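Notes for the one structure printed next.
The values are calculated or read from the model by the stated rules, or taken from the named source; none is laboratory data. Everything quoted here is computed from the prediction, not taken from an experiment. Because the Cβ atoms are built from the backbone with ideal geometry, glycine has one as well, and the counts that use them run over all protein chains shown. Note: areas computed on protein heavy atoms with side chains; ligands, DNA, RNA excluded. Shrake-Rupley method; radii C 1.70, N 1.55, O 1.52, S 1.80 Å.
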Amino acid sequence: MTAQNSLRPRLLILCWLLLLTASLSGCTAFADRTAPQSTVFPLSDWGRSIQDLYSLVFLMSIPVFIGVEGFIVYAVVRFRRRASDELPNQVHGNTRLEVAWTVIPSIVLLIIAIPTISAIFYSDAPPASAQNVLKVTVIGHQWWWEFHYPDLGVSTANELHLPAGRTASFELKSADVIHSFWVPRMGGKVDVVPTRANHMWFTPDANAVGVYPGQCVEFCGIQHANMRLDLVVDTPSDFEAWTQRQKANAVQPTGGAEQQGAAAFMDATRGLCFSCHAIRGTEAKGTIGPDLTHVGSRRMIAAGILENTPANMQKWIQHSQDIKPGSKMGRPVGNGFQNLAVTDADAAAIAAYVFSLK
Ligand SMILES: [Cu+2]
């Protein structure tokens, strides 16, 4: 045996081992029920309808895989070149084989098509049995999410609250370019397209209380990857309490750093914040950026990039263009934005003020 020949089986074994390792590492991710963005352990009715389809296709692909690979292995072994071989038998066409490999895949596709079409119709509108459907309007912006609850009179940004066990129906719109809305644990993705409204719905499971990250999944510009959101599934009573807090106007500070921050927020030569942000109950009525009426109650800021703390809030106010280059947070210059020119003292005061808006 030459050196080259003895190397070949070793290389083959190495390739198989690498493939096996890669597949097994995939399995551990697949089996992790706590993975926040797993799609294979859905927590809603809509998510389950998609998962059922996925399981069906996966199960059907197993015999197809074994069959096709089996035939390949058989052909490789049975018809391998032998020392005594001359030119193999030359054949053309085999009607029986060709009919078989047309009919069998057609049957497989038909079996997949029937539940797929029924799942598409199921996802179209909430089932007639859904009671007290909660309406939510989702508006995608470069690069954050706006949420309105038209029947509740509540608006928020980047943090979507839903009560467990109650069907939510979404109207999805865009303020600028095409985005796509996705909370993996709840179901699939739906495009968010300018000039039209798309729709989706799902019912978070009654036992799904928790926080589930979501994100934009359609490339929408430089900060696309930083266009995240949190879905907070509350118990019905927690959701009711949250709604009541969100409905209220902002409580204005009467002293301390918070009050100085409120003054800087409304000052065109200092914070300039009011020109882009709204705070209900004040003169700030801007619509370019998120409504800040209760921003202090949110877990994250900057569309899921920074944890909501006074220090991070100050960092975001002063260094928004370093943290999220290209975002519309900052002072407009030419076609873009630059960091706000606020003093450290003003930035700290504004941060204390908006953080107090719970
Ligand atoms: Cu995007």
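How high is the FRET efficiency between VAL91 and SER118 when r is their beta carbon distance and R₀ equals 25 Å, given to the nearest 0.05?
E between VAL91 and SER118, to the nearest 0.05, is 0.05.
Is segment 256-355 best put as rounded, prolate or oblate by its Cα gyration tensor, with a ≥ b ≥ c the root eigenvalues, rounded for a/c under 1.5, and otherwise prolate when a/b is larger than b/c, oblate when not?
Taking the square roots of the gyration eigenvalues as a ≥ b ≥ c, segment 256-355 is rounded.
Could you name the aspartates and glutamates in cross-link range of LYS189, using Cα to Cα under 20 Å and dropping any fewer than eight places away on the same chain?
ASP45, ASP52, ASP124, GLU146, GLU159, GLU171, ASP176, ASP205, GLU218, ASP230
Positive end of the dipole of the chain, charges at C-beta (+1 Lys, Arg; -1 Asp, Glu), about the Cα centre: which of ILE222, TRP145, PRO88 has its Cα farthest in that direction?
In the chain, that residue is PRO88.
With a cut-off of 13 Å, note down the residues of segment 275-301 whose backbone N falls inside the zone around a label point 7 Å from the Cα of ASP238 toward its beta carbon.
Answer for this model: 299.
For segment 56-144, which chymotrypsin sites (Phe, Trp or Tyr not before Pro) are in a loop by DSSP, counting at most 15 other Cβ atoms within 10 Å?
PHE79
Which of rounded, prolate, oblate describes the chain, given a ≥ b ≥ c as roots of the alpha-carbon gyration tensor eigenvalues and a/c under 1.5 marking rounded, otherwise prolate only if a/b is larger than b/c?
Verdict is prolate for the chain.
Calculate the dipole size of the chain relative to its Cα centre from +1 charges on Lys and Arg beta carbons and -1 charges on Asp and Glu beta carbons; express the result in debye to the nearest 20.
Charge dipole of the chain: 800 debye, to the nearest 20.
Sorted by accessible area with a 1.4 angstrom probe, largest first, how do ILE111, ILE13, ILE279 fall?
ILE13, ILE111, ILE279
With axes computed from alpha carbons, what is the tilt in degrees of helix 236-247 against the longest principal axis of the chain, rounded to the nearest 10 within 0 to 90?
The answer is roughly 50 degrees.
Report the accessible area of LYS173, computed with a 1.4 Å probe over the heavy atoms of all protein chains in place, in Å² rounded to the nearest 10.
In the full protein context, LYS173 sits at about 80 Å².
Strictly over 18 Å apart at the Cα level, which of LYS247/LYS358; LYS247/LYS315; LYS135/LYS173 would you flag in this model?
Beyond 18 Å: LYS247/LYS315.
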